[in-house]
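Student: Have a look at this one.
The values are calculated or read from the model by the stated rules, or taken from the named source; none is laboratory data. Predicted, not measured: the structure shown is a model, and the values here were computed from it. Glycine gets a Cβ as well: all are built from the backbone with ideal geometry, and neighbour counts include every protein chain shown.
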Amino acid sequence: MHSVFISGASSGIGAALARRYAAQGANVGLVARRHETLRELAAELGSAAWFRAGDVGDSEFMRQSAADFCAERGLPDVVIAGAGISVGTLGSEPEDLAVLERTLRTNVFGLAATLQPFVAPMMDRGRGTLVGIASMAGWRGLPGGGAYSASKSAVITWLESLRVELRGSGVKVVTICPGYIDTPMTRVNPYRMPFLLAADAGARRIARAIDAGRSLATVPWPMRVASWGLRAAPNWLYDRLASRAPRKPRNLPT
């Protein structure tokens, strides 16, 4: 593998993947909002790293970033759309509509804006891998997390559509549905998180699924069983169980 382009690269899963790929000798393109944090990571990774700081929800910024990376480092072998925000929301709260809008813009539109500039060039080349970081939260609507669940459900569906569109082109589309990974996003959760993985352990498993070209991967594997259960449960059972589940805090994302 020669190069990897990652959005949401300044922390969490994105940063862990960047470190992993750089250690394997790949050029890594890093995109995230926080310039200083991104600059520090790029300095850590040395000459392997290329970075731009900006909003993944800005499609023109993402298009230009993709063009600049390709001009300097070549068309990447793998593109990973990993930028995302998560915050508790309630459908009854008027102010949470703005949070919903921002969450969808970052998690869904930002993912599409990350991947889209590379689709046609990869098709012309006849190979490449486009990766989207979704979530198990996208399988069912979580109480107190409607914005996040809706965004990740949309991500799963959008990536599935893209995968079918690119069938036969040589370009793979990989959907990653992590369970609980130890990142700043999950550390605010005031409840026990089963099968919690350290970020580097999560990145190792995610990279393995990407290398294998899996169309859909749940990380870690025991959460796959939970995902089957969530999807198969009848509404009356799911409603009864989910209504008792702990909820994510409603602190606005920064």
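Student: Which of the residues spanning the range 163-177 are of a type in the set (D, E, K, R) and touching a residue at least 40 places away in the same chain (Cβ under 8 Å)?
Tutor: Arg163, Lys172 - these are the residues of the range 163-177 that are of a type in the set (D, E, K, R) and touching a residue at least 40 places away in the same chain (Cβ under 8 Å).
Student: Let me ask something else. Would you check if there is a residue in the range 82-97 being in a helix (DSSP H, G or I) and surrounded by fewer than 16 Cβ atoms within 10 Å (Cβ to Cβ)?
Tutor: If we filter the range 82-97 for residues that are in a helix (DSSP H, G or I), which is where we start, we get 96-97.
Among the residues that remain, those that are also surrounded by fewer than 16 Cβ atoms within 10 Å (Cβ to Cβ) are: 97.
Checked against the condition, which is being in a helix (DSSP H, G or I) and surrounded by fewer than 16 Cβ atoms within 10 Å (Cβ to Cβ), the range 82-97 yields at least one hit.
Student: Restricting to the range 210-254, name every residue that is charged (D, E, K, R) and at pLDDT 75 or above.
Tutor: Our first condition is that a residue be charged (D, E, K, R); within the range 210-254, this holds for 211, 214, 224, 231, 239-240, 244, 247-248, 250.
Residues satisfying the conditions are Asp211, Arg214, Arg231, Asp239, Arg240, Arg244, Arg247, Arg250.
Student: Within the range 44-81, which residues are assigned to a helix (DSSP H, G or I) and over 26 Å from Asp211 (Cα atoms)? First the steps, then the outcome.
Tutor: Step one: filter the range 44-81 for residues assigned to a helix (DSSP H, G or I), giving 44-48, 59-73.
Within the range 44-81, Ser59, Glu60, Phe61, Gln64 qualify.
Student: So for the range 104-123 (the condition being in contact with a strand residue (DSSP E or B) (Cβ under 8 Å, 6 or more places away or on another chain), among the β-branched types (Val, Ile, Thr), within 25 Å of Ala209 (Cβ to Cβ) and crowded, with 23+ Cβ neighbours inside 10 Å), does at least one residue qualify?
Tutor: yes
Student: Now for a different question. Among Glu95, Glu101, which is the only one that is closer than 30 Å to Trp228 by Cα, more than 12 Å from the chain's Cα centre (by Cα) and of a type in the set (Asp, Glu)?
Tutor: From the options Glu95, Glu101, the qualifying one is Glu101.
Student: Taking the residues in the range 214-236 that are surrounded by 11 or more Cβ atoms within 10 Å (Cβ to Cβ) and small (Gly, Ala, Ser) as candidates, determine which candidate is farthest from Ile176 (Cα to Cα).
Tutor: Here the residue is Ala233.
Student: Moving on. Quick one: in the range 1-39, of everything that is more than 16 Å from the chain's Cα centre (by Cα) and part of a loop (DSSP other than H, G, I, E, B), which residue is surrounded by the fewest Cβ atoms within 10 Å (Cβ to Cβ)?
Tutor: That would be Gly25.
Student: Next question. Could you tell me whether any residue of the range 57-66 is at negative phi and in contact (Cβ under 8 Å) with a residue 60 or more places away in the chain? Please lay out each step first, then the result.
Tutor: Just the residues of the range 57-66 that are at negative phi, to begin with: 57-66.
Imposing the further condition that a residue be in contact (Cβ under 8 Å) with a residue 60 or more places away in the chain reduces the set to 66.
Within the range 57-66, one or more residues are at negative phi and in contact (Cβ under 8 Å) with a residue 60 or more places away in the chain.
Residue-wise test of (1) under 25 Å from Asp124 (Cα atoms); (2) at pLDDT 90 or above.
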| position | (1), (2) |
| --- | --- |
| Leu166 | yes, yes |
| Val171 | yes, yes |
| Thr186 | no, no |
| Asn189 | no, no |
| Arg192 | no, no |
| Gly202 | no, no |
| Arg205 | no, yes |
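Student: Whether any residue in the range 122-141 is under 20 Å from Glu160 (Cβ atoms), modelled with pLDDT of 95 or more and part of a helix (DSSP H, G or I) is what I want to check.
Tutor: Yes; the residues of the range 122-141 include at least one that is under 20 Å from Glu160 (Cβ atoms), modelled with pLDDT of 95 or more and part of a helix (DSSP H, G or I).
Student: Let me ask another. If we scan the range 40-48, do we find a residue that is at negative phi and under 18 Å from the mean Cα position of the chain (by Cα)?
Tutor: no
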